[in-house]
1. Taking only the stretch 192-217 into account, find how many residues are surrounded by fewer than 15 Cβ atoms within 10 Å (Cβ to Cβ) and over 24 Å from GLY139 (Cβ atoms).
2. PHE50: open to solvent by less than 30 Å² (accessible area, probe 1.4 Å), over 30 Å from PRO184 (Cα atoms) and of a type in the set (Phe, Trp, Tyr), yes or no?
3. What are the pairs with Cβ atoms under 7 angstrom where one residue, in the stretch 66-94, is without any contact (Cβ under 8 Å) to a residue 40 or more places away in the chain and the other, located anywhere, is in a loop (DSSP other than H, G, I, E, B) and surrounded by 12 or more Cβ atoms within 10 Å (Cβ to Cβ)? Sequence gap at least six, or different chains.
4. Out of ARG43, ARG72, report the one residue that is under 20 Å from the mean Cα position of the chain (by Cα), among the basic types (Lys, Arg), closer than 30 Å to ASP182 by Cβ and surrounded by 13 or more Cβ atoms within 10 Å (Cβ to Cβ).
5. Being modelled with pLDDT of 85 or more, of a type in the set (Asp, Glu) and out of contact with any Gly (no Cβ under 8 Å at 6 or more places or on another chain) is the filter; apply it to the stretch 126-156 and report the residue that is most open to solvent (accessible area, probe 1.4 Å).
6. Within the stretch 1-56, work out how many residues are acidic (Asp, Glu) and touching a helix residue (DSSP H, G or I) at 6+ places or on another chain (Cβ under 9 Å).
7. Every residue in the stretch 104-122 that is in contact (Cβ under 8 Å) with a residue 12 or more places away in the chain, more than 20 Å from GLU163 (Cβ to Cβ) and open to solvent by 50 Å² or more (accessible area, probe 1.4 Å), please.
Amino acid sequence: VPATLTIDGEAARTIELRRRGDTYGHWGRAKRSFRVRTAQDQRVGGMRTFHLIAPELDAQLENALGYRLARRLGLLAPHCEFVRLHVDGEDHGVFELTEAIGEGTLRRSGRMPGPIFEGDLIGRDAWRGIDNELFTNAGTWDGGADDGAARTDAIAPLRELVELVSRPLDAARAARLAGMLDLPAFARFSLLEQLTQSNHVDHFHNWKLHWDPWRRR
């Protein structure tokens with residue numbers, strides 16, 4: 001629905017507001033999550049799209065702390081903070097404001113704009129009739145440009161990456177793979193998993209990969 005957003009008494013922004021999530025934790029209780037999209041010239045802290053997540057599960061707090069740690073390690077991570085939300089004058093309490101990863105995330109992190117590939121084959125996004133394996137079929141990924149729009153020419157690096165990791169590595173293929181990956185970033189990502197004692201990426205969901213067209217990694 002069309003709506004307006006006011007933050008701490010600032011001028012109202014024009015937004016689109018919708019419910020967020022397809023699981024019980026988001027919509028099955030009295031306090032529900034939202035997704036907000038602003039007008040192009042009325043961004044919030046550089047963000048055009050962000051989520052207002054009802055923090056009714058412990059995992060929401062873990063996410064916020066995990067993003068903060070990831071940024072301290074120099075990793076790409078969305079902006080996340082806790083806010084108090086009023087809807088039509090009614091106090092809805094505390095929500096987790098989490099940025100939708102996109103071009104703004106890249107720019108604020110000092111990265112060059114480029115495709116962000118999303119691999120998430122779960123629930124309604126799962127395929128039927130084929131194996132839901134992200135690293136054997138590049139076609140199961142969502143390939144988007146830096147502005148989130150679909151673009152067929154952006155997926156070439158992902159196709160090469162999947163082709164490399166889906167077959168046994170010889171010396172030449174291993175060298176090419178090392179040349180494509182930002183190995184220090186993957187090392188920091190591994191450190192994040194060890195520090196948090198958690199791992200929530202696997203062969204079929206929760207991946208986001210950014211291709212830097214300037215560094216070719």
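The values are calculated or read from the model by the stated rules, or taken from the named source; none is laboratory data. Not measured: the values here are computed from a predicted model. Reconstructed Cβ throughout: ideal geometry from the backbone, glycine too, with neighbour counts over all protein chains shown. Protein only, heavy atoms only, side chains kept; ligands, DNA and RNA dropped before computing areas. Shrake-Rupley method; radii C 1.70, N 1.55, O 1.52, S 1.80 Å.
1. Count: 9.
2. no
3. The qualifying pairs are TYR67/ALA77; TYR67/PRO78; ARG71/ALA77; PRO78/ILE101; HIS79/GLY45; VAL94/PRO55.
4. ARG43
5. That would be ASP131.
6. 2
7. Once the filter is applied, which keeps residues that are in contact (Cβ under 8 Å) with a residue 12 or more places away in the chain, more than 20 Å from GLU163 (Cβ to Cβ) and open to solvent by 50 Å² or more (accessible area, probe 1.4 Å), the stretch 104-122 yields ARG107, ARG108, ARG111, MET112, ASP120, ILE122.
Residue by residue, here is whether (1) at negative phi; (2) part of a loop (DSSP other than H, G, I, E, B); (3) free of Cβ contacts under 8 Å to residues at least 12 places away in the same chain holds:
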site: ALA3; (1), (2), (3): yes, no, no
site: THR14; (1), (2), (3): yes, no, no
site: LEU17; (1), (2), (3): yes, no, no
site: GLY21; (1), (2), (3): no, yes, no
site: ARG29; (1), (2), (3): yes, yes, no
site: ARG35; (1), (2), (3): yes, no, no
site: ASP41; (1), (2), (3): yes, yes, yes
site: LEU52; (1), (2), (3): yes, no, no
site: PRO55; (1), (2), (3): yes, yes, no
